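No lab work stands behind these numbers, since they all come straight from the coordinates. Keep in mind that this is a model prediction, so the values were computed, not measured. Don't worry about glycine lacking a Cβ; one is built from the backbone with ideal geometry, like all the others, and counts go over all protein chains shown.
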Amino acid sequence: MPILDPAPRSYGDTPLHCGQTLAEFAAAVGISHSSARDRYRESLLYAPLTAMPAMSRMQRDGGGIKFCLEAGRSGAATLETESVIVAMQSFHGHRWYTLCLSSQLGCRMGCVFCQTARMGLLRNLTAAEIVVQLMAARAILRKTEPMAWQPGGSGADIRNLVFMGMGEPLDNFDAVVQAIRVFTDPGGFNMPISRITVSTVGRIDGLKKLAALNWPHLRLAISLNAADDELRSGLMPVNKAMPLAELRQALLEYPLPRRGRFLIEYVLIKDVNDSPQDALKIAQWCKPLPVTVNVIGYNPQQPATFATPGEEELVAFVRQLRSLGIFAKRRVTHARDLMGACGQLGNSSLRRTAALPR
């Protein structure tokens, strides 16, 4: 089968070369790097949607585009990846896009505030299935945002990649790392690794493996949501196996660049983790670490499990963290109306039970 087959090989399939670096592609087709470079680059950066898995859904609102690519079947149901393109704008009016990537179909971490967790884990995505999400996003923008498209660029239309979609990236470590290698390969997308963020619930084994790669400029986000073991274990079962003290020690040992910071993600849930005492515990836990705390209001699941705090409560919580010496920000919610915001991705009609890590 040709490695650059212009169409998917079968229902819900992904062209093989999507998950290869230029060197791997050249070796696979048996030609030199220089001969392979143009074919490889063209196939990744400018592939049409017809060369990718079928798009089962696409929705948009003013702040984002959510799209789903077919990824095979489970019985009579169609499996699909979910990705979100988020439009960003600076104070000075400069526009760019951030792409939220999925790394798994479902998730086995069991976070009670997350729609994806209700699916359980159906399967891991391959590196090619991760990379094709960026290829599809670029193709979508060429059609929907032609004035913003930069024909000679190498991904400048999508400035940042965040592994914050479906799945726990460090639970699919090898495929995520290979996808990052493809994203940063100078022969292809040539994306700076400093513009890629991996978000994790705090898989300590995965953090240690990531540290061993010596990628200090890769951005790391920790989904914390509580700094009390009892509360965090209730919200995030992974904390029972990997408690807060061990997580903080792993971060203290993690290689950061000079002036580098961890991004701490905190989903604020009304009457659950929004008290002044919760803020104090967060500040105490974060004190030894260089962090930025992003506070985001709980985005309702279907059906909603918790209540969303009001804007005044969100702002007050951020201010309290700042008064305790923590650099904290109110994170703006994008694509909530599309069920594409933080914690909302996933098809809860597809479920599979998988054990949590022990």
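In which sequence would 323, 90, 102 go, from the one with the fewest C-beta neighbours within 10 Å to the one with the most?
Ascending Cβ contact count within 10 Å gives the list 90, 323, 102.
Can you give the percent of C-alpha pairs in the range 222-344 whose distance is more than 18 Å?
Details: 3916 of 7503 pairs.
When all Cα pairs of the range 222-344 are counted, 52 percent exceed 18 Å.
Ranked from highest to lowest mean number of other Cβ atoms within 10 Å per residue, what is the order of the peptides 208-219, 112-123, 27-38, 42-53?
112-123, 42-53, 208-219, 27-38
When you count, for each residue, the other Cβ atoms within 10 Å and take the mean per peptide, how do 195-204, 247-256, 225-234, 130-139 rank with the highest first? Kindly include the intermediate steps, with their values, before the conclusion.
On the way: 195-204: 21.8, 247-256: 15.9, 225-234: 17.6, 130-139: 25.3.
The peptides rank, most packed first, as 130-139, 195-204, 225-234, 247-256.
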If the reach is capped at under 21 angstrom between alpha carbons, list the lysines near residue 240, excluding any in the same chain fewer than eight residues apart. 208, 209, 281
Give the Rg (one decimal place) followed by the Dmax (whole number) of the range 1-200, computed from C-alpha coordinates and expressed in Å. 16.3, 50
In nanometres, the difference between 0.36 nm per residue of separation and the alpha-carbon distance of residue 214 and residue 23 is 66.7 nm
If we count other beta carbons within 10 Å of each Cβ, what is the order of 144, 98, fewest first? 144, 98
If you put +1 on each Lys and Arg Cβ and -1 on each Asp and Glu Cβ, how big is the dipole of the range 222-344 around its Cα centre, in Debye rounded to 20? 580
Could you put 311, 82 in order, starting from the residue whose Cβ has the fewest other Cβ atoms within 10 Å? 311, 82
With the cut-off at 1.5 for a/c, could you classify the range 93-137 from its C-alpha gyration tensor as rounded, prolate or oblate? oblate
Assuming a ≥ b ≥ c are the square roots of the Cα gyration tensor eigenvalues, decide whether the range 26-77 counts as rounded (a/c under 1.5), prolate (otherwise, with a/b larger than b/c) or oblate. oblate
Multiplying the sequence separation of residue 205 and residue 277 by 0.36 nm and subtracting their Cα-Cα distance, what value in nm do you get? 22.9 nm
